1. Determine, for 69, 53, the number of other Cβ atoms within 10 Å of each Cβ, and report the residues in order from fewest to most.
2. Going by how many other beta carbons lie within 10 Å of each one, how would you line up 66, 93, fewest first?
3. Which length gain, in nm to one decimal place, applies between residue 25 and residue 113 when the Cα-Cα distance is subtracted from 0.36 nm times their residue separation?
4. Sorting 88, 103 on the 10 Å Cβ count, fewest up front, what's the list?
5. Once the piece of chain linking residue 143 and residue 40 is laid out straight, how much longer is it, given 0.36 nm per residue of separation minus the C-alpha distance between them?
């Protein structure tokens, strides 16, 4: 049996029966690179869009909660003041979270039977424009909306004071009555 001497430096690469050179690998990489950049850019924009949608929803819900706690101590809770407060608070939260294009934010408060419906809309303009040069399939802006439904009672002023002494006296009266301790509703 005879052994063949191989030279590692001149090793031929075979794929599907064809010999390939290093230059061919470079050409294939150069041809594939724009598609790779496009895929990474699209995935990045999808990630930014989803993050922005989640941040808008979170900011609106937080703003409703903050405004609700502020309005409980104010006596001038009208639908317009609540809408302005919710817009300002949502804008500040989005600005603090460094969300781009927050000037496109709009907040509308609708008053229904016993509820406030707060609708926030936001337009996101994507930054990766290279894809639209080849495929004009992506719209210029993405429109996001978030809705928070809140009971009107959360915005009413809280002027009923409950003191610990009154609360304790009510419990003592309840437990002092015979039969109330063992009753179940």
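Derivation of every value follows stated rules applied to the coordinates shown; laboratory data play no part. For clarity, every value in this text was computed on a predicted model and none was experimentally measured. Backbone-built Cβ (ideal geometry, glycine too); neighbour counts: all protein chains shown.
1. Numbers: 69 12, 53 16.
Listed from fewest to most nearby Cβ atoms, that is 69, 53.
2. Lowest to highest Cβ neighbour count: 66, 93.
3. Separation in residues times 0.36 nm, less the Cα-Cα distance, equals 24.8 nm.
4. Going from sparsest to densest Cβ surroundings: 103, 88.
5. 34.9 nm
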